[in-house]
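One structure is given here, and the rest of the page talks about it.
Taken together, the values in this text are just the output of simple stated rules run on the coordinates, not laboratory data. Since this is a predicted model, take the numbers as computed values, not measurements. Ideal geometry is used to build each Cβ from the backbone, glycine not excepted, and the neighbour counts take in all protein chains shown.
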Amino acid sequence: MSTTTSFYEQNATQLAQQYDSLTFEIVHKSWQSHWPQKGASVLDIGAGSGRDAKWLRAQGCKIVAVEPCDALCDVGKRQTGSNVIWLSDSLPNLKRTRDLGLCFDLILLSAVWMHLSPDERPTALDNLAQLLTENGKLVISLRHGEFNDGRKAYPVSVSELEALSREIPLRVNQVVDCSDSLQRSQVNWQTVVLASPTTK
């Protein structure tokens with residue numbers, strides 16, 4: 001088990017409280033124009049405490065929540081109930097998710113991408129693209145700022161995503177710079193929306 005995975009397992013309760021101190025509307029305001037409509041199928045990767053999955057389900061979306069940390073997965077299941085499908089799975093391969101044989105109108109990666117090494121990212125993005133519907137959208141939040149608690153993070157950039165997306169049928173649709181919702185001065189974010197070149 002990696003030090004990052006161990007951190008999430010050992011601190012699941014505290015992390016869930018931190019996540020749930022903020023609402024979906026606050027955290028994801030930057031891409032509000034792309035929020036899914038009722039009936040949309042959504043894949044929430046790195047679903048954490050289930051905060052986002054619960055909100056999206058309340059809007060009438062069909063949700064699959066993916067979380068590699070067993071302790072957080074347990075928290076999330078309690079919060080969302082049986083209305084959300086939970087899977088223990090992880091990037092870059094997402095084998096269990098792909099085995100479902102489903103495609104999604106929206107895939108959300110909130111505070112996940114920085115944990116993937118540069119070598120893992122091409123495979124991850126390719127698998128994510130294959131899980132999208134024809135007009136589906138992929139939303140990735142990029143965290144800029146170091147961790148000081150033992151979690152491993154790698155540098156992220158919009159330019160890297162643009163370069164990787166050229167190899168698959170995706171393009172960067174929107175980029176929004178964001179401050180940190182938890183008001184950490186050393187952390188800032190960018191939200192990147194990717195979609196098929198034919199998607200408006």
(request) Considering every residue within the range 28-43, establish whether at least one is in contact with a strand residue (DSSP E or B) (Cβ under 9 Å, 6 or more places away or on another chain) and among the β-branched types (Val, Ile, Thr). (result) yes
(request) Could you please tell me which pairs satisfy a Cβ distance under 7 Å, a separation of 6+ or placement on different chains, a first residue in the range 173-200 that is outside any strand (DSSP E or B), and a second residue that is among the hydrophobic types (A, V, I, L, M, F, W, C)? (result) Asp180/Val187; Asp180/Trp189; Ser181/Leu22; Ser181/Ile26; Ser181/Val27; Ser196/Leu170
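Anything in the range 178-198 that is touching a Lys or Arg at 6+ places or on another chain (Cβ under 7 Å) and surrounded by 10 or more Cβ atoms within 10 Å (Cβ to Cβ)? List them, or say none.
Start the filter on the range 178-198 by keeping residues that are touching a Lys or Arg at 6+ places or on another chain (Cβ under 7 Å), which leaves 187, 189, 193-195, 197.
Passing the criteria: Val187, Trp189, Val193, Leu194, Ala195.
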(request) Could you tell me whether Thr97 is touching a strand residue (DSSP E or B) at 6+ places or on another chain (Cβ under 7 Å) and assigned to a helix (DSSP H, G or I)? (result) yes
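Residue by residue through the range 41-69, note down the ones that are surrounded by fewer than 20 Cβ atoms within 10 Å (Cβ to Cβ) and in contact with a helix residue (DSSP H, G or I) (Cβ under 7 Å, 6 or more places away or on another chain). Before the answer, list the steps.
Quick first cut of the range 41-69, residues surrounded by fewer than 20 Cβ atoms within 10 Å (Cβ to Cβ) only: 41, 55, 57-60, 62.
Trp55, Arg57, listed by residue number.
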